[in-house]
Amino acid sequence: MSAVKKVPAKKAVVPQIDQSQSVWAYSLFSDYDIDLFLVGKHFRLYEKMGAHLLTVENTAGTYFAVWAPNAIKVTVVGNFNGWNRGSHILNKRWDASGIWEGFIPNIGKGEVYKYFVKGFDESEHEKGDPYATRWEHPPQTASIVWDTGYSWKDKSWLKKRPKLNALDQPISVYELHLGSWQRDPGNPERVLNCREIAKTLVPYITEMGFTHVELMPVMEFPYFPSWGYQITGYFGASSRYGSPQDLMFLIDELHKANIAVILDWVPSHFPGDRHGLYEFDGTHLYEHADMRKGFHPDWKSYIFNYDRNEVRSFLISNALFWLDQYHADGLRVDAVASMLYFNFSREEADAATNEYGGSENLGAIQFLKDLNEAVYGNFEGVQTIAEESSTYPGVTHPVYAGGLGFGMKWMMGWMNDTLKYFKVDPLGRKHHHNQLSFSMTYAFTENFMLPFSHDEVVHGKSPMLYKMPGDEWQKFANLRALYGYMFTHPGAKLLFMGSEFGDTNEWNFTQSLDWHLLQYAPHKGMQETVKALNFLYRKEPALHHFNFSYEGFEWLDADNGNESVFVYMRKGLKAKDTLIIALNFTPVIRENYKIGVPFQTKWKELFSTDATEFYGSGQLNSGDLIPDKQGYNNQKFSISVNLPPLAVVIFKSK
């Protein structure tokens, strides 16, 4: 990993220290730091802002720095001074930065603190530190003086990460909520910390064959039912899951197992909790003052002011902080569509416009471009992923070509169309055939990730298994076929925890997954299906080398709606890597089904979701499949195969 680029800073100008004062005049900022901050280009603010353990004049203590340009007074309050608002007053810098700072002797690691901020209008606010690296456990709301020191043991991973985390490699993501993947077996109410989770999570992901894990937000947040998407402590690892070092340990262990770690990141909005960013210095500092731009009606939260340079410095510094200090391998950026458009979830009459009269949020667009240039310019082998549901063009195109610069984008259209198709009774699927084939008309316009995320198994949407029609056997067969289709469709993959074994309940963030279901054959078979698909996806170059390119895909039969059968090729760099995938989405066995093949060599069945070890019916194609010289599907040769019911079958030449 490349370290974040160092700012060529001049030495900070520090006034003469008066040791008789409760707060010593001291600064970590150079003039160059301030210049970068004010133009929105300081991406290492976590090294300057917040609370930093230092030794000054042979005295140990903590340096504090906070941005509050419209305040008339800022003090540090905590247990150390009895929460006295007048005893430890920070010094406002003499420049235009709006930063208050100072060194307080004898404050050490673990001290609880807040900032008391008096606004220009005499309003009074007690705020947590926007740059705090640790917070009290909710419902307590104070920040804690801490550090991010850790003895990392993932040097080998970081060295090979640029190759293993590249876009031409298998990318199979296991989306995970730390608070409910597994609870304490002896006390189901207790959330495990990251060190405890690591003991079972790392072996499980390794056994299942996932290449990546995506952690739902691990930053500090006050309201547990928000799942972490309403953040108050952007630089703090949530105390619900232990200390910052506990999270680092989990990431380190995943890296030692060659598993990449993606963190959910939420630069789109934040809650209005009084100890958080909202009206931080008595004014709309981090959020837009115009509530048409600054308030999100769906989530009752506040939207960052991307037009403000200091806010962009804050957010991009935060993104780089998690890549730098926590060795994260990627960031999945939440709710990008809501950032791009002023009229997202608003009536046109209630929406703001940009300076040209359009609905695009130009400040947010520039912020996202700056973000991706900073991330890819400072780190090797990382990825950014946009959760973006609109038709905004070029989300994964380079910034220099007019794009936003993301590495990947969630393929929300594919997800919606696929689930709609599979919910239909198989007898009626012939009327919805194009719903499944339509994705290939735009599959290569972006670098797409295929997501079956947490959003699809909550709020009455039902678990994945119960989206499927039919009796119990057909539900499992349909779901196995759905995953077979997903893993053979171009693009990266994402599957939410519990979906891999066919959980029968919607996701409940207050309890463990229903692991007891694995004692039953259908659920164990489902888990074995996903495991086998993961290892097949990793092993076969045709399934991942051209993840995002038309070169890796060719339709053989996209039009057999009457029988609800699809056939396509996946291709790698070499002809021998070619795979033929046949999908039968009815419960009828298709015997002697003719498929065109490009080579005259013998073919074999490589994989079938209908195998008995997956709880299938076992209608397999055994032995060699000899091509006929009679061409078919625009191919020179053909083979006749049996297509099992509600199944995906993969063939490969010998």
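The values are calculated or read from the model by the stated rules, or taken from the named source; none is laboratory data. If you're wondering where the values come from, they're calculated on a predicted model, not measured in any experiment. Ideal geometry is used to build each Cβ from the backbone, glycine not excepted, and the neighbour counts take in all protein chains shown.
Filter the range 223-252 down to residues that are more than 17 Å from GLU175 (Cα to Cα) and either modelled with pLDDT of 95 or more or of a type in the set (A, V, I, L, M, F, W, C) (or both), then give me how many there are.
Final tally of qualifying residues: 20.
Going by what's in this entry, would TRP265 be described as under 18 Å from the mean Cα position of the chain (by Cα) and surrounded by fewer than 21 Cβ atoms within 10 Å (Cβ to Cβ)?
no
Quickly run through the range 413-458 and pick out the residues that are out of contact with any Pro (no Cβ under 6 Å at 6 or more places or on another chain) and part of a loop (DSSP other than H, G, I, E, B).
VAL424, TYR442, PHE444, THR445, GLU446, ASN447, SER453, VAL458
If I ask for residues that are of a type in the set (Phe, Trp, Tyr) and not in a helix (DSSP H, G or I), which ones from the range 509-525 would you list?
Scanning the range 509-525 gives PHE509, TYR520.
Condition check ((1) closer than 23 Å to PRO162 by Cα; (2) touching a residue at least 24 places away in the same chain (Cβ under 8 Å); (3) in contact with a helix residue (DSSP H, G or I) (Cβ under 7 Å, 6 or more places away or on another chain); (4) assigned by TED's automatic domain parsing to the domain that holds ASN354) across all residues:
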residue	(1), (2), (3), (4)
ALA237	no, yes, yes, yes
TYR241	no, yes, yes, yes
ASP252	yes, yes, no, yes
HIS255	yes, yes, yes, yes
ASP264	yes, yes, no, yes
HIS275	no, yes, no, yes
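Specify the residue that is surrounded by the most Cβ atoms within 10 Å (Cβ to Cβ); the eligible residues are those in the range 527-583 that are polar (S, T, N, Q) and within 24 Å of the chain's Cα centre (by Cα).
Filtering the range 527-583 for residues that are polar (S, T, N, Q) and within 24 Å of the chain's Cα centre (by Cα), the one surrounded by the most Cβ atoms within 10 Å (Cβ to Cβ) comes out as ASN534.
Among the residues of the range 400-411, write down those that are buried (at least 18 other Cβ atoms within 10 Å of the Cβ) and either not assigned by TED's automatic domain parsing to the domain that holds GLU214 or not in a loop (DSSP other than H, G, I, E, B) (or both).
Those that are buried (at least 18 other Cβ atoms within 10 Å of the Cβ) and either not assigned by TED's automatic domain parsing to the domain that holds GLU214 or not in a loop (DSSP other than H, G, I, E, B) (or both): MET408, LYS409, TRP410.
Can you give me the number of residues within the range 557-606 that are in a strand (DSSP E or B) and more than 26 Å from ALA477 (Cα to Cα)?
1
Identify, from the list ALA364, ALA319, ALA328, the residue that is in contact (Cβ under 8 Å) with a residue 12 or more places away in the chain and assigned to a loop (DSSP other than H, G, I, E, B).
None of the other options fit; the residue is ALA328.
Taking the criterion of being assigned to a helix (DSSP H, G or I) and under 30 Å from GLY119 (Cβ atoms), would at least one residue in the range 277-290 satisfy it?
The answer is no; no qualifying residue exists.
In the range 298-315, which residues are at pLDDT below 95 and aromatic (Phe, Trp, Tyr)?
TRP299
Given the residues ASP129, ASP95, which is the only one that is surrounded by 21 or more Cβ atoms within 10 Å (Cβ to Cβ) and either not hydrophobic (A, V, I, L, M, F, W, C) or not assigned by TED's automatic domain parsing to the domain that holds TYR223 (or both)?
Selected residue: ASP129, the only one of ASP129, ASP95 that is surrounded by 21 or more Cβ atoms within 10 Å (Cβ to Cβ) and either not hydrophobic (A, V, I, L, M, F, W, C) or not assigned by TED's automatic domain parsing to the domain that holds TYR223 (or both).
When only residues in the range 380-393 that are in contact with an Asp or Glu (Cβ under 8 Å, 6 or more places away or on another chain) and not aliphatic (A, V, I, L, M) count, which is surrounded by the fewest Cβ atoms within 10 Å (Cβ to Cβ)?
Once the filter is applied, the top-ranked residue is GLY381.
Going by the conditions given, is PRO490 within 23 Å of ASN534 (Cα to Cα) and in contact (Cβ under 8 Å) with a residue 60 or more places away in the chain?
yes
Could you list, in sequence order, the residues of the range 52-70 that are of a type in the set (S, T, N, Q) and in contact with an Asp or Glu (Cβ under 9 Å, 6 or more places away or on another chain)?
Scanning the range 52-70 gives THR62, ASN70.
Name the residue, out of ASN562, ASN505, ASN478, that is outside the structural domain of GLY407 (by TED's automatic domain parsing), over 28 Å from ALA386 (Cβ atoms), in contact (Cβ under 8 Å) with a residue 24 or more places away in the chain and of a type in the set (S, T, N, Q).
ASN562
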